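The values are calculated or read from the model by the stated rules, or taken from the named source; none is laboratory data. In this text, all values refer to a predicted model and were calculated from it rather than measured experimentally. Glycine gets a Cβ as well: all are built from the backbone with ideal geometry, and neighbour counts include every protein chain shown. Protein only, heavy atoms only, side chains kept; ligands, DNA and RNA dropped before computing areas. Shrake-Rupley method; radii C 1.70, N 1.55, O 1.52, S 1.80 Å.
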Amino acid sequence: MTPAFEALQKQLKQLPGLGYRSAERIALHLLVEKPARLPELVAALNAAAKSVARCGTCGNLAEGGECSVCADLKRDAGVVCVVETVPDLVAIERSGAFRGRYHVLHGKLSPIHGVGPGALNLAPLVSRMQSGEIRELILALSNDIEGEATCHFLLERVPPEGMKVSRIGFGLPSGAGVLYADSVTLKSALEARRDFK
Ligand SMILES: [Zn+2]
C-alpha cells in the first residue's frame, strides 16, 4: 500500500473500537470502494473541528455558546445532573429518564493519575451552585473510589442550606459507570437516587 494509505489507516486505528483490520477495511472503503464519500467526510471533520466547542455553562458539546440542553427552556434548570464525561450525558439523554440540566466535569479526581481539582470543569459548577437556581444536584459519577472521592469533594463546596444533593443508585457492579449502563438501568438508577450527605 501507499504511504498516504498507511497514514490514514494509522489514524483510523487510534479511534476507539477500531483495530488494525477494521482500520484497513475503512481505509479501503474510502479510497477504493466509495471514493466519492471521502470529500464529504473531510468536510464534516473540518466543520466539527471548527465549530464544536464546550458549552460555557455545563461543559456539554455546543456550537456557538450554549448547548442544546442549556438552551432548552422546557428543561428544569433547578435540577442538575453531574456527570464525568459527555458520553455519560449522551447515555442519560438516550434513556429519556431525565428532564433537568447537566454539568460535565470532564473527568474525576484521581491523585494516582495526577488529576486534581484544577483539571476538572469545576469553576462554572461552583458559580451555578452559588447562583441559587439549583434545587437539587444529582451526582451521577461512577461508583468507584475516584467517583466517591469526587462526590465528597463536591459536597464540601455545596452551600449548606437549600440544596438537595443526591447520588444515583447503580444496579451495576462496583467500578462500572453511567456509560456502560443500559437505558432501563439508568432510568431506575435515577429514580432510586438517594440523599448524599
Ligand atoms: Zn450546556
Inset, instruction - Starting from residues that are open to solvent by less than 80 Å² (accessible area, probe 1.4 Å) and of a type in the set (S, T, N, Q), keep the ones in the range 3-33 and report whichever is nearest to Pro87 (Cα to Cα). - result: Ser22
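For the range 57-79, how many residues meet the condition of being touching a residue at least 40 places away in the same chain (Cβ under 8 Å) and touching a Cys at 6+ places or on another chain (Cβ under 9 Å)? Steps first, please.
Within the range 57-79, the subset touching a residue at least 40 places away in the same chain (Cβ under 8 Å) is 57-60, 77-79.
Remaining after also requiring touching a Cys at 6+ places or on another chain (Cβ under 9 Å): 57-60, 77.
Residues in the range 57-79 being touching a residue at least 40 places away in the same chain (Cβ under 8 Å) and touching a Cys at 6+ places or on another chain (Cβ under 9 Å): 5 in total.
Can you tell me which residue within the range 38-60, out of those that are open to solvent by 20 Å² or more (accessible area, probe 1.4 Å) and touching a helix residue (DSSP H, G or I) at 6+ places or on another chain (Cβ under 6 Å), is farthest from the ligand (Cβ to nearest atom)?
Narrowing the range 38-60 to residues open to solvent by 20 Å² or more (accessible area, probe 1.4 Å): 38-54, 56-57.
After this cut, where a residue has to be touching a helix residue (DSSP H, G or I) at 6+ places or on another chain (Cβ under 6 Å) as well, the list is 38, 57.
Numbers: Leu38: 33, Thr57: 5 Å.
That would be Leu38.
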Legend entry - Set Ala181, Ala91, Ala119, Ala149: member being on the phi < 0 side of the Ramachandran plot, among the aliphatic types (A, V, I, L, M), surrounded by fewer than 16 Cβ atoms within 10 Å (Cβ to Cβ) and touching a Leu at 6+ places or on another chain (Cβ under 8 Å): Ala149
Inset, instruction - Restrict the check to the range 77-93 and report whether at least one residue is more than 24 Å from Phe153 (Cβ to Cβ), more than 11 Å from the ligand (Cβ to nearest atom) and of a type in the set (Gly, Ala, Ser). - result: no
Inset, instruction - State which residue is farthest from Pro117 (Cα to Cα) when the search covers only the range 151-186 and only residues that are modelled with pLDDT under 85 and not in a loop (DSSP other than H, G, I, E, B). - result: Val184
Inset, instruction - Pick out, from the range 37-150, the helices (runs of 4 or more DSSP H) lying fully within it that include 2 or more residues that are closer than 19 Å to Arg167 by Cα. - result: 86-95, 123-130
